[in-house]
1. Can you compute the modelled spin-label distance between D248 and R413, with each label point 7 Å from Cα toward Cβ, in nm?
2. If neighbour count is taken as other Cβ atoms inside 10 Å, put L112, L27 in order from fewest to most.
3. Work out the length of the dipole vector of the chain about its Cα centre, built from +1 on the beta-carbon of each Lys and Arg and -1 on the beta-carbon of each Asp and Glu, and round it to the nearest 20 debye.
4. Please compute the length gained on full extension between D369 and D214, using 0.36 nm multiplied by the number of residues separating them and subtracting their Cα-Cα distance.
5. Given axes a ≥ b ≥ c from the Cα gyration tensor, I'd like to know whether segment 1-46 is rounded (a/c under 1.5), prolate (a/b larger than b/c) or oblate.
6. Between R123 and H180, what length comes free when the chain is fully extended (0.36 nm per residue of separation minus the Cα-Cα distance, one decimal in nm)?
7. Taking +1 at the Cβ of each Lys and Arg and -1 at the Cβ of each Asp and Glu, which of V43, L407, A247 sits farthest along the dipole of the chain towards its positive end, judged by Cα position relative to the Cα centre?
8. Taking a ≥ b ≥ c as the square roots of the Cα gyration tensor eigenvalues, with a/c under 1.5 meaning rounded and otherwise prolate when a/b beats b/c, else oblate, which class fits segment 1-104?
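Since every read-out is calculated from the coordinates, none of them should be taken as a lab result. Computed from a predicted model, the values in this text were never measured in an experiment. Backbone-built Cβ (ideal geometry, glycine too); neighbour counts: all protein chains shown.
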Amino acid sequence: MTRAATVTGIGLVTPIGSKVEEVFDALCQGRSGLRRPPPDHVVAGYLDVAGIAPPVEATAVLPPTDTRAVDRSVLLALAAAHDAIADAGIRVGTDVDPDRVAVVVSTGGGGLESYEDFAAKRRERGRPAVSPYLLPGMLANMASARIAIAYGITGYSSSISTACSSGAQSVAEALRLIRHGEADVVVCGGFDAPLHPTIAAAFANARALARNWDDPTAASRPFDRRRNGFVLGEGAGVLVVERAADADARGAAGYADLLGWGAATDAHHPTTPRPDGAGAAACMRRAIADAGLSPSDVDHVNAHGTSTPLGDRAEAAAINAVFGAHRPAVASVKALTGHLLGAAGVVEAVATALTVGRGVIPPTANLDDPDPECDLDHVRGAPRTGPVRAALTNSFAFGGHDVSLLLAPPSTRTARTVPLPPTAAPLG
């Protein structure tokens, strides 16, 4: 059984950019994508700060006849998928049998904005106000379905919904499908567009969001003593994953190898993590064991790191329980992107893939005064450079769904490279 798969394509739509080099440079240089919503944005007055992704026009990702009533979240996913497949340079039907390609692109919420909009129209004008295209434009599985339609993919197709772990769970599913011989190539990822009034109000009323920050770029600060909540964001991330031997056969370069995954459930509370981080620790241990490694082999943890007081402390406890005195370098990208919900796990898997492939760990922005209850080897101030033998990326979710992925440098004969950031410090 093939144990590893290789990432050969990346597509992104995030608050810090939509190109691999742009996003990685933003992470290394601390360029924030968080801002106050403009007055004409639907969440103006509901959110003080948000991670707003660039617009995607329906006609740019769909045939003109298919653009009616398509939710913004699905458009983000399609844009990321098109870029990932182009980046991989793979041609379905030429390089790979369509029956041997799978699609697993998932979401935490699906097209909630479209549903809310048409529900309001129905209350005002009755049944005729609801578009017959609403369901194919907003259902959680429609990103996977539309990607398959666009590329003639006839293999396994699914969409997983485990809240903020959805994207990471999709990547884990890709590895499972390849290992068990059920697919040769998997298009996998996550997406969410939760920046609309009802979702914003729900999070705000739960006092889960960062508040009272004059500078919106300072609002998300994972593991910092002054953190007081997360910043809601939107986006999409899609990967193309395949066997390294197949990538080599067609001359494709890999970003990173996907070596292992682990999952666990807190079984504790619908929204609050276990304070001792037991579920998070379990999924990290399972991912390491699944890769055939030990904790001492892991040089970096890309933390879930949402900037909530309870969540960051629980994750820190879990990391320390797993690694003890080994103390891998820890960082979180959410200080710059905000929390992208169902897209977060894939965008952070991308950051981790770039980290292990390039030997550069971007720092956690806004980590000015580390919380002593989050005693970790934090990367802050500047990137660290040096070989990263293996790295974990964590995703934890409402409901206690915990997922960890383990990535390592690519085993393809050719690797993707970009220039190192000028302000990087040695790893160690």
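1. It works out to 0.7 nm between the two label points.
2. Working: L112 20, L27 28.
Starting with the residue having the fewest Cβ neighbours, the order is L112, L27.
3. That gives a dipole near 280 debye.
4. Gain on stretching D369 to D214: 54.0 nm.
5. It is prolate, given that a/c is not under 1.5 and a/b is the larger ratio.
6. Between R123 and H180, full extension yields an extra 15.6 nm.
7. Value: V43.
8. oblate
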